[in-house]
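Structure first, then comments.
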Amino acid sequence: MDRSCAICGAGLARAFEATILKKYRASYLFCQACGYLQVADPSWLEEAYKEAVAPADTGLVFRNVLAAGKLSAYLFLNGLGKRNFLDLAGGTGLLVRLMRDNGFNYYWQDPHCANIHARGFEYSESVGAVELATAMEVLEHVADPVGFVRNAFSTHGIQSLILSTELFEGSPPAPQSWDYYAHETGQHIGFFQRRTLLAIADMLNLHFASFGGLHVYSRKRIGRLGLMLAFCRFPFPPEIVIRRYYGSKMIPDSRELVRR
């Protein structure tokens, strides 16, 4: 099949076919060079995104609660707590609200989803410089992952980008053996290995590290010990300590919204 990898430009081979949204037949193409697996010609995306958040995504709340603890520990351990932060493709705003509750100046941005939980804290240029951005469960939705990462750094002038996406190793998992393909929703169109994410870092001259389900791109060197302490199953320090140290924005935010 005469196609090129969306990551590295190498040739692709057909891995398998699957039925999307119970009616569209799709080819999944694999790159041996960088390990990227992409869906060919996802013509159904407009239908797939009639609802920005798929009803079958029952893990949304759990993922955000877990991510908030790990991200809070990471920002605390790296001395970044007083900076500004941005959640790209922030969905309903749940992560932004959780991070603000933990005391961080977090802001929301998403052109495709309604901001429910972080209303009033949408990102604008008046916020000022942004130190770090997050993109939770986003990269598997985009057709140009390299462009997405590049634009995150160039548009917002960030120093680091933390993202989450499930990884596979070796050959692509069989169609019925990995729920992350999300054939029923049709929104996941790209799948990564660690070496795929590392290839993106090399292309963009960024440092890269991965641990505990979160992946970091940075202009600066990434401290491995701090990463492991923050992104472990029970991150250190715990959120309650961080919340007391910085002071939760839950009540101040409410007062500010009433004032407005």
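What is the residue count in segment 7-36 for residues that are of a type outside the set (S, T, N, Q) and within 17 Å of residue 185 (Cβ to Cβ)? Before the answer, list the steps.
Looking only at segment 7-36, we keep the residues that are of a type outside the set (S, T, N, Q), and these are 7-18, 20-26, 28-31, 33-36.
From what is left, the residues that are within 17 Å of residue 185 (Cβ to Cβ) are 18, 20-26, 28.
Within segment 7-36, residues that are of a type outside the set (S, T, N, Q) and within 17 Å of residue 185 (Cβ to Cβ) number 9.
In the set (1) crowded, with 21+ Cβ neighbours inside 10 Å; (2) aromatic (Phe, Trp, Tyr); (3) more than 21 Å from residue 128 (Cβ to Cβ), residue 106 fails one condition alone, (3).
Got a number for residues in segment 86-122 being in contact with a His (Cβ under 8 Å, 6 or more places away or on another chain) and farther than 20 Å from residue 160 by Cβ? The number of residues fulfilling the criteria is 4.
Which one of 41, 57 is touching a residue at least 40 places away in the same chain (Cβ under 8 Å) and either assigned to a loop (DSSP other than H, G, I, E, B) or among the basic types (Lys, Arg) (or both)? Break it down into steps so the answer makes sense when it comes.
On the way: 41 fails: touching a residue at least 40 places away in the same chain (Cβ under 8 Å).
Of the residues listed, the single one that is touching a residue at least 40 places away in the same chain (Cβ under 8 Å) and either assigned to a loop (DSSP other than H, G, I, E, B) or among the basic types (Lys, Arg) (or both) is 57.
In segment 161-174, the residues that are more than 14 Å from residue 89 (Cα to Cα) form Cβ pairs under 6 Å with partners that are modelled with pLDDT of 95 or more and among the aliphatic types (A, V, I, L, M), at six or more places apart or across chains, as follows: 172/15; 172/37.
Listed by first and then second residue, the pairs with beta-carbon distance under 7 Å, at least 6 apart or on different chains, first residue in segment 111-137 and over 14 Å from residue 87 (Cβ atoms), second of a type in the set (A, V, I, L, M, F, W, C), are 120/257. Taking helices (runs of 4 or more DSSP H) as the structural unit, those lying wholly within segment 180-252 and holding at least 1 residues that are in contact with a Phe, Trp or Tyr (Cβ under 7 Å, 6 or more places away or on another chain) and free of Cβ contacts under 8 Å to residues at least 24 places away in the same chain correspond to 194-204, 224-231. The set of residues in segment 12-38 being in contact with a Gly (Cβ under 8 Å, 6 or more places away or on another chain) and not in a loop (DSSP other than H, G, I, E, B) consists of 20, 24, 37, 38.
Of the numbered criteria (1) of a type in the set (Val, Ile, Thr); (2) more than 22 Å from residue 143 (Cα to Cα); (3) crowded, with 20+ Cβ neighbours inside 10 Å, the one residue 61 fails is (3).
The values are calculated or read from the model by the stated rules, or taken from the named source; none is laboratory data. Treat the numbers as computed from the prediction; the structure is a model and nothing was measured. Positions of Cβ are backbone-derived with ideal geometry, glycine not excepted, and every protein chain shown enters the neighbour counts.
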